[in-house]
Amino acid sequence: MQERNDIGSFDAILDEKYGKIGTPERNEFHREAYTYCVGQMICDARKQEKMTQAELAEKVGTNKTYISRIEKGIIEPGVGLFFRIIDALGLKVEIVKPIL
């Protein structure tokens with residue numbers, strides 16, 4: 001088996017591009033990545049339910065454009081809207097205390 005020298009630490013790549021953990025740049029990257037992932041989960045769940053953005057928007061009391069912006073990771077929904085979206089898609093949120 002051949003050893004690969006081109007594999008590095010992903011943290012080192014993020015450190016170089018966005019700064020060390022705790023820096024404003026790294027925190028902003030983390031927030032944007034989180035928003036994008038939440039949007040993708042909502043989009044995937046909506047498609048699995050065979051629901052359009054307009055249908056989801058109507059169920060949760062907003063408009064299609066707002067749902068689109070959430071799914072693209074451009075904006076983060078507020079807590080109330082997030083829970084309405086989760087409910088409309090037949091999902092559940094579980095809040096648990098991590099085991100240390």
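Read-outs: derived from the displayed coordinates by stated rules, not from any lab. In this text, all values refer to a predicted model and were calculated from it rather than measured experimentally. Glycine also receives a Cβ, built like all others from the backbone with ideal geometry; neighbour counts cover every protein chain displayed.
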*To the nearest 500 deg cm²/dmol, what mean residue ellipticity at 222 nm is calculated for the chain from DSSP H runs of n ≥ 4 alone, each contributing -39,500 (n - 2.57), summed and divided by the residues?*
-18500 deg cm²/dmol
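Suppose the chain between Leu91 and Asn27 were pulled fully straight at 0.36 nm per residue; how much longer would it get relative to their current alpha carbon spacing? The partial results should precede the final answer.
Numbers: separation 64, 0.36 × 64 = 23.04 nm, distance 2.81 nm.
That works out to 20.2 nm of additional length.
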_Alpha-carbon Debye profile of the chain, log10 I(q)/I(0) at 0.13, 0.14, 0.19 Å⁻¹_ = -0.63, -0.69, -0.92
*Could you work out the relative contact order of the chain, using alpha carbon pairs under 8 angstrom and six or more residues apart, expressed as a whole percent?*
22 percent
*Going by how many other Cβ atoms sit within 10 Å of their own, how do Glu55, Glu16 line up, fewest first?*
Glu16, Glu55
*How much net charge surrounds Lys20 when only other residues with a Cβ under 15 Å from its Cβ are counted (Lys, Arg +1; Asp, Glu -1)?*
-3
*Taking K and R as +1 and D and E as -1, what net charge do the other residues with C-beta under 9 Å from the C-beta of Lys59 add up to?*
-2
*Please tell me which of these pairs span more than 29 angstrom C-alpha to C-alpha: Lys50/Lys92; Lys17/Lys72; Lys20/Lys97; Lys17/Lys97?*
Lys17/Lys97
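Please give me the summed charge of the neighbours of Tyr34: other residues whose Cβ is under 12 Å from its Cβ, Lys and Arg +1, Asp and Glu -1.
Working: positive: Arg31; negative: Glu28, Glu32, Glu76.
Surrounding charge for Tyr34 is -2.
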*Can you give the charge dipole size of segment 10-88 about its Cα centre, rounded to the nearest 20 debye, using +1 on the beta carbon of Lys and Arg and -1 on the beta carbon of Asp and Glu?*
260 debye
*GNM, the chain, Cα, under 10 Å: largest mean-square fluctuation among Ile67, Ile21, Ile85?*
Ile21
